[in-house]
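Bear in mind these aren't lab numbers, they're just calculated from the coordinates by the rules spelled out. Source: prediction; values computed, not measured. Counting neighbours? That spans all protein chains shown, and the Cβs are built from the backbone with ideal geometry, glycine included.
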Amino acid sequence: METLTLLELNGRVKSTLQFAMPDAYWVQAEISSMSSSGPGHCYLELVQKDESGRTFLAKAKANIWKSTWMQLRPKFEYATGQRLAVGMKVLLQVTVTFHEMYGYSLVVHDLDPTYTMGDMARRRREIIARLTADGVIDLNRSLELALLPQRIAIVSSATAAGYGDFCNQLEGNMYGFRFYCRLFPALMQGDQVEASVSSALNAIARVRDKFDVVVIIRGGGAVSELSCFDSYTLASDIANFPLPVITGIGHERDDTVCDLVSFAKVKTPTAAAEFLISRVYDTAMALEDLTRRTGDCVRERMVREKQRMQLLSQKLPSLFALLKVRQEHVLENSWNRIGIGLKNLIAGNSHKLELMEKSLAAADPKLILGRGYSLTTCGGKTVRSAADLKKGSVIVTVLRDGEIESEVR
Amino acid sequence: MKYEEAMKRLEEIVAQIEGGKLDIDMISDRLKEAQTLIKFCKDKLYETDEEVRRILEAED
């Protein structure tokens, strides 16, 4: 019976594999761990999971040697805007190797970024669909940003350059607006991002009354590690957040799902600061406008009132003159009417007098005597009947031109 | 008072005066009120509110 040393056995396995599988293969897999070594090689662990995503079906080590990695890495990052990272689905061109000491592994020769991009896009679509179904996708955007978003809760890493940029931009604003910032530190790279940012948001939510707005900003590196902001958990946290959330996550190409649900997204931390400054600026301008209008309209009103008064005072004399003329006319009219009235009164009375005079004149006894009548008196009394007289009575007959004394026989 | 409320009141006053509906007797009162509001708003914009700063820093 032939006995082999382990090295001999492994050597046979190696040569058998080399003989049986000499070609390169395109393999779909997910990266489950990743590390790089000092010399610049990249070591991956690839897995395949079942549909539930919880059970591993296959596993293999894969190495990208330095010379290959130096070419593949920039190509991949340029195409996807992301760093190769744990959790990514990748399409790799590999050859199968077996090493007597280290066992089975794959050597990576090429990496197809379109596959990863397709997978990220699919994942993104799924997250968006889920957020839409939750009815939260527009929730944060429908909040109202304070007129003065001066109290700012920042989610970032204290050491991130972007955080410094943001603070400098705010503090150095050319208008002299005041801002109050507080950092809620979070890891902005690596696989802890989701949990870390989420817990920072929770911390802010507990003191939300003290803030007007939340800003999530990142270092501003050209590419990120994994699309950690294409996360359902984070996007949902942001969408449901009670304050407007501004994302300055700084993706080169597509917006992350977090950008999609945030109140506003900007490219850089500096732009996030500018966004807030411009909001305060708008409010300040509105105040300026109101200030100006207050002064203007009070002045205008005063001018108008003055004109009104002047007009009145100009009108007054002529009004008075008119009034005077009118009153004079009334007076004159009355006077005339009194005159006419008096005249009429007098005329009426004098006519009456005339009539009376006439009838008086008609009754004058001299007029009657003139016509041939006579008047007989006896003892100074008018004799109206013959029976009034006796024999021997002396009567006086009054005629027009004299009297005759006679004795009754 | 909140900044938002102050701005709203200010807008009201301006509208009143601009609308010419305001009694002349009331104008100086309203003008004084408007100036107080403007001062309040400007302070918010440009002056450091020590209280806000203290509250935010107290938590650190």
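Summary of values
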{"item": "Loop-located GluC sites (Glu not before Pro) in region A:1-65, at most 15 other Cβ atoms within 10 Å (DSSP)", "result": "A:2, A:51"}
{"item": "Burial ordering of B:7, A:117, A:174, fewest other beta-carbon atoms within 10 Å first", "result": "A:174, A:117, B:7"}
{"item": "Point-to-point label distance, residue A:48-residue A:329, nm (Cα→Cβ direction, 7 Å offset)", "result": "11.6 nm"}
{"item": "Residues of type aspartates and glutamates that residue A:14 reaches as a straight line, Cα spacing below 17 Å, ignoring anything fewer than 8 places off in the same chain", "result": "A:23, A:100"}
{"item": "Within straight-line cross-link reach of residue A:390, lysines at Cα separation under 23 Å, skipping those fewer than 8 residues along the same chain", "result": "A:381"}
{"item": "Size of electric dipole in region B:3-58: Cβ of Lys, Arg +1 and of Asp, Glu -1, about Cα centre, debye, nearest 20", "result": "80 debye"}
{"item": "Extreme residue, positive dipole direction of chain A, given options A:340, A:258, A:181 (C-beta unit charges)", "result": "A:340"}
{"item": "Cβ-based charge dipole, chain A, positive-most Cα from A:298, A:329, A:164", "result": "A:329"}
{"item": "Alpha-carbon gyration tensor eigenvalues x 5, square-rooted, for region A:366-407, Å", "result": "20, 11, 7"}
{"item": "Qualifying lysines (Cα of each under 20 Å from Cα of residue B:32; at least 8 residues distant if same chain)", "result": "B:2, B:8, B:21, B:42, B:44"}
{"item": "Low-density loop cleavage sites - chymotrypsin sites (Phe, Trp or Tyr not before Pro) in region A:301-409, where at most 14 other Cβ are within 10 Å (DSSP)", "result": "A:373"}
{"item": "Estimated FRET transfer efficiency (residue B:26, residue A:158; beta-carbon r; R0 56 Å; 0.05)", "result": "0.55"}
{"item": "Fewest-first sequence of A:26, A:65 by Cβ atoms within 10 Å of each Cβ", "result": "A:26, A:65"}
{"item": "Within 10 Å of each Cβ in B:12-25, the average number of Cβ atoms from other chains", "result": "3"}
{"item": "Segment residue A:407-residue A:338, length gained on full extension (0.36 nm per residue, minus Cα span)", "result": "18.3 nm"}
{"item": "Virtual spin-label span in nm between residue B:43 and residue A:144, 7 Å along Cα→Cβ", "result": "2.4 nm"}
{"item": "Among A:115, A:29, A:197 - extreme Cα towards positive end, dipole of chain A, charges at beta-carbon", "result": "A:197"}
{"item": "Exercise: per-residue mean of other protein chain Cβ atoms within 10 Å, A:289-301", "result": "6"}
{"item": "Value at 222 nm in deg cm²/dmol, rounded to 500, when DSSP H runs of n ≥ 4 in chain A each add -39,500 (n - 2.57)", "result": "-16000 deg cm²/dmol"}
{"item": "Contour minus Cα-Cα distance for residue A:353 and residue A:386 (0.36 nm per residue)", "result": "8.0 nm"}
